[in-house]
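Heads up, the thing below is written out as structure tokens.
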Amino acid sequence: MARGLRGMVAIASAVAVLAGVAGCESGGSGSAKGSQRLTVWLTVDAQESWPDLVESTNARFAQQHPGVSVAVEYQQWTTKNLKLDAALAGRDVPDVVEMGNSEVVNYIVNDAFTAVEPSAFDQSAQWLGALREPCESNGRTYCVPYYVGARVGIYRTDLFQQAGLTKAPESYPELIADLDALKAKFGAQDHAFSALYMPGRYWYAAMAFVKDTGGEIAVKTDGHWRSALSSPESVAGLKAWKGLLDAYYVGDRSKDNGDEPAVVGQGKVAVFYGNTWEAEAAADPQSGGDPALRGRFATFPFPGPSGGPLPPFLGGSELAVPAKSKNGQLAQDWIRLFTDRTSQQRLIKANTLPNNTAQLAEVDPAGVNGSAAKAATRGWVTPPAPGWAAVEKANILQEMLEDIATGKHTVEEAAKTADGRIDAVIDKN
């Protein structure tokens, strides 16, 4: 997955900054008669991984809109929202902005973005739900899916061979059997060896198990969002996650997965659950990895207890037009080109997943993203509840998981406490 998503942080509260946006002209019908300069804010992922796509889109746009220049400004994930908040408080705003799919909700509910007509964009009927749903509010759509990434199982092929395993697991029973074999082969010799790397605060992994058993992080009932972590289905998922951790993970249960490639690079992990780029990062010294491990990793769709692929969190990007843009229609025209079928094919070549289910079939099944493409159809995103960013900022999920992982509380007790905390934050926001 594109490297910038590693640093994606929860959105800072935009309510105060955006309070005045609703009363301003949207500029949604802007045309070339307005400003002759279109300003596009993209994250550095595009600059680093597909600059030719940006250039080709600008060239195609110039053919359709002679005389209109495009200025692309690249933003860092860690600072872009603060810059956007400041811009939206004034009148000099970008015309196109890239947002994480878990970041857009607060901007949408505060009328920061212009509504778009999905049918005007390629393959909108096949947009991945984890990209489409955050863009929707009250029957309208306020952003356009751009690209996405999914977590998969990543394993050491050399360790599998040494343990007598000839292929990656294709079912949950096979996964358990393989982990048992790896633990028996290497764990007895090295008590620091983890057949499966699964730190306690790894909420992307734990919530995938919740989704797999039919649970939900939160649900909307009668127009109100409520946490659902203590439901029987969610508890079953949390128990399945903890069972794997108890059986196969040796390490600090109070840490998250932020340094996963570096830990795996130490050579004491056989299998881990992560983004596809982490397979390369574990062998990259710049990420703390070991170059001696280069070429020793492969991926597989991580199986879940339900019998299908474990439903992955789909971390991705959306493109939106700020309501204050004076070039609203031009902005939508640029987004239309940047996200059409041809552009999605270029993203696939850059080992990035497309924004739609139809083109997932174009991802090379034997390539680095083949496993991710298989899992992506079951993908999910955090609840599109106003105030969810504050839930993430409060680290409620991580603290619940640490309590479970360390045995401080039972799954039921920790989940019930988390439900109450989440509901309080959502109500406040």
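The values are calculated or read from the model by the stated rules, or taken from the named source; none is laboratory data. Note that this is a predicted model, so its numbers are computed, not measured. Note that we place each Cβ from the backbone using ideal geometry, even for glycine, and neighbour counts take in every protein chain shown. Ligands, DNA and RNA are stripped out before the accessible areas are found, and what is left, the full protein with its side chains, is counted by its heavy atoms. Shrake-Rupley method; radii C 1.70, N 1.55, O 1.52, S 1.80 Å.
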Share of segment 369-429's accessible area from carbon and sulfur, percent, 1.4 Å?
49 percent
Can you give the relative contact order of segment 341-429 as a percent, counting alpha carbon pairs under 8 Å and 6+ residues apart?
21 percent
Computed E for Lys408/Arg91 - FRET, C-beta separation, R0 60 angstrom, nearest 0.05
0.75
If you roll a 1.4 Å probe over segment 245-292 with all protein chains in place, what percent of the accessible area is carbon or sulfur?
45 percent
Ala298's amide H: which non-local residues (gap 5+, or another chain) put their own amide H closer than 5 Å, with H modeled 1.01 Å from N in plane and none for Pro or chain starts?
Tyr155, Thr157
How much accessible area per residue does the chain have, counting only protein heavy atoms and a probe of 1.4 Å, in square angstrom?
40 Å²
So what is the relative contact order of the chain, in percent, for Cα pairs below 8 Å that sit 6 or more residues apart?
27 percent
Ignoring the sites themselves, what is the longest stretch of the chain with no GluC sites (Glu not before Pro) in a DSSP loop and at most 15 other beta-carbon atoms within 10 Å?
171-429
Quick one: length gained pulling Ser69 to Thr157 fully straight, 0.36 nm per residue minus the C-alpha distance?
26.7 nm
What Kirkwood radius, in Å to one decimal, follows from the Cα pairs of segment 30-102?
13.4 Å
C-alpha center-to-center spacing [segment 108-185, segment 387-426] in angstrom:
23 Å
Calculate one ³J(HN,Hα) per residue across segment 90-103 by plugging θ = phi - 60° into the Karplus curve 6.51 cos²θ - 1.76 cosθ + 1.60, and present them in order as whole Hz with x for glycine and proline.
x, 10, 8, 10, x, 8, 9, 10, 9, 10, x, 5, 8, 10
Strictly greater than 25 Å: what percent of every Cα pair in segment 215-364 meets that?
54 percent
Longest principal axis of the chain (C-alpha) makes with the long axis of helix 51-64 (C-alpha) an angle, in degrees to the nearest 10, of 30 degrees
Quick one: pull the percentage of alpha-carbon pairs in segment 292-429 with a separation above 20 Å.
66 percent
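Could you compute how fast the chain diffuses translationally, taking Rh as the Kirkwood radius over C-alpha pairs and applying Stokes-Einstein at 20 °C with viscosity 1.002 mPa s? Give it in µm² per second. Don't skip to the answer; put the middle values down first.
Details: Rh = 22.4 Å.
Rounded to a whole number, D works out at 96 µm²/s.
Could you work out the equivalent-ellipsoid semi-axes for segment 70-133, taking the square root of 5 times each eigenvalue of the Cα gyration tensor, largest first, in whole Å?
Numbers: eigenvalues 103, 38, 35 Å².
Output for segment 70-133: semi-axes of 23, 14, 13 Å.
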